[in-house]
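This report refers to the structure that appears directly beneath it.
The values are calculated or read from the model by the stated rules, or taken from the named source; none is laboratory data. None of these values were measured; they are calculated from a predicted model. Don't worry about glycine lacking a Cβ; one is built from the backbone with ideal geometry, like all the others, and counts go over all protein chains shown.
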């Protein structure tokens, strides 16, 4: 068996709330292979967001180990973690998090600013990514001139710009209506078919049905890890 | 280049709130403009003083009769100073280039149907040496003319313009108050003196001529002069010359030890230089006050940058999530602050130029001179303020934890 993309062993995370210590994660073991489409589920306070932050190198585990592509994250410096986020991970957020006064093209280019990609390649790469998400004709539009679905697709294009190993999506459909949500999920499924590992954080069981594997968190523990035998096909539903 | 993108990012961010950016810059604008204007005024005053000293003819003393006090009544008695004193000083005091006797008067000068009221001064050729004043045309007085008190005149440029216009004045006869004189020379233009009076509005005659025809001869002091103007060679010890002249005159006037001088020696270049120094000190003080407003402006920048960092916490979080290192965030905000200060400094320079130009145009103040190094220094300093006061907010931004920044409401 090949090395897993993510190897989580006894990961714990503790937050100080005043004098009290709150354990957001109480020791999680988890392997995620390259090319998987995983949904992380749970109610608020279950630890799923904390898990996502740790997997996304936005935060460091208090105890235990997390290895990403064979690399132990707790041993990395802030700059090295930034580099991992830049090169290996693409983020998609519920509120899109686009820069408001910057064009779609500019927003997609943003991660390249912090990479070693030569500037002469930036425009062509960003255009390619926008065309891949079907926004080739709206490159000069500012976020305010785009619909929610279009904004989320710009965010996905931004996540793809450095050709990451993994895409982390935090409630990507939370701010969208059902129809545009389906379009976004279709895009994720398409990307997964092309080989991208996708980790989807959601509290909606409907949305989790699009993933091939479902992880459920409760009170800081992974209580269920199951293969989804009944994967919804967003592209199919969308055409109906 | 990444710096271009960082600059673009900074300008975009500053454009979001134009009014706020402008108000923030105001402190820097006023500070830089004030510093440059003050320094320019100081430089202008200095240049004017230099010009005055130059037009005076270098290292010059004025020797005049002192106030004579009898009982409680004081009067400006000049009886004690005369032409012989001038000759004595010139001969006996080492380092003296020339000592020129001078007798002043005023009156009307008439040529044809034109007349002009002017200064009528009695001198000899040494005066031109002391004043470092050349003839534009004609010749100086001959010794015979001086000894005899001939009715010959050398006129200033202003008088030539007023009476003769385009025609040649040399050899012409003009009426000076109550007698006729022949013009033998015209002086080169000299411009205004330290009090702003036109030095070219003058007619010079041999000192004897003026005494005999206009001021009258004093029975007690037949060779009286208004003052003696003494010039020293460059690099001579002015204090030594002053002491020597004083000693010589006291001896000549037989003033006992401890008795009051009956003359006064003034080192004019020194007086002007002292006045210039006072102006300089005052201007330097004002420039320092102005630079305090630069610091206050810098604190304003810091304040706004802190607000900006807080407002844009989510943006910082996003940038960190997509791979910005702490140093990238630090540079972003630092450059924003430098752009703000640099732009403010630039506008301040433009305003200072406009202000000084207008001042010079309409003759307000002593006139200003803006030196390039002062401009560069102010711009550099405002950039430095940008770095200094922008560093803390930028550091604060760079130290945010990505996850906290991203979730910031």
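Residues in the range A:1-32 that are in contact with a strand residue (DSSP E or B) (Cβ under 6 Å, 6 or more places away or on another chain) and part of a loop (DSSP other than H, G, I, E, B) were compared, and the one that is surrounded by the fewest Cβ atoms within 10 Å (Cβ to Cβ) is A:4. Is there a residue being closer than 29 Å to residue A:112 by Cα and in a helix (DSSP H, G or I) anywhere in the range B:282-304? Yes, the range B:282-304 contains at least one residue that is closer than 29 Å to residue A:112 by Cα and in a helix (DSSP H, G or I). Residue selection: residue A:181 fails the criterion of being crowded, with 20+ Cβ neighbours inside 10 Å and on the phi > 0 side of the Ramachandran plot.
Filtered by the rule that a residue be without any contact (Cβ under 8 Å) to a residue 12 or more places away in the chain and either crowded, with 22+ Cβ neighbours inside 10 Å or touching a strand residue (DSSP E or B) at 6+ places or on another chain (Cβ under 8 Å) (or both), the range B:316-359 gives B:322, B:323, B:324. Selection of helices (runs of 4 or more DSSP H) fully inside the range A:77-160 by the criterion of at least 2 residues being farther than 19 Å from residue B:329 by Cα returns A:104-113, A:122-132, A:148-160. Residue count for the range A:34-59 satisfying the condition of being within 13 Å of chain B (Cβ to nearest Cβ) and assigned to a helix (DSSP H, G or I): 7.
Count of the range B:15-33 residues, restricted to those that are in a helix (DSSP H, G or I) and either in contact with a strand residue (DSSP E or B) (Cβ under 8 Å, 6 or more places away or on another chain) or surrounded by fewer than 20 Cβ atoms within 10 Å (Cβ to Cβ) (or both), is 9. Residues that are under 25 Å from the mean Cα position of the chain (by Cα) and either over 15 Å from residue B:62 (Cα atoms) or without any contact (Cβ under 8 Å) to a residue 24 or more places away in the chain (or both): does the range B:263-273 have at least one? Within the range B:263-273 (the criterion being under 25 Å from the mean Cα position of the chain (by Cα) and either over 15 Å from residue B:62 (Cα atoms) or without any contact (Cβ under 8 Å) to a residue 24 or more places away in the chain (or both)), the answer is yes, since at least one residue qualifies. Starting from residues that are more than 10 Å from chain B (Cβ to nearest Cβ) and in contact with a strand residue (DSSP E or B) (Cβ under 8 Å, 6 or more places away or on another chain), keep the ones in the range A:76-124 and report whichever is surrounded by the most Cβ atoms within 10 Å (Cβ to Cβ). Here the residue is A:92.
Just one of (1) at pLDDT below 90; (2) crowded, with 17+ Cβ neighbours inside 10 Å fails for residue B:289. It is (2).
Within the range A:39-52, the set of residues being crowded, with 24+ Cβ neighbours inside 10 Å and closer than 20 Å to residue A:196 by Cβ comprises A:39, A:40, A:51. Do we have any residue at all in the range B:319-333 that's farther than 30 Å from residue A:159 by Cβ and away from chain A (no Cβ under 14 Å)? No: the range B:319-333 contains no residue that is farther than 30 Å from residue A:159 by Cβ and away from chain A (no Cβ under 14 Å).
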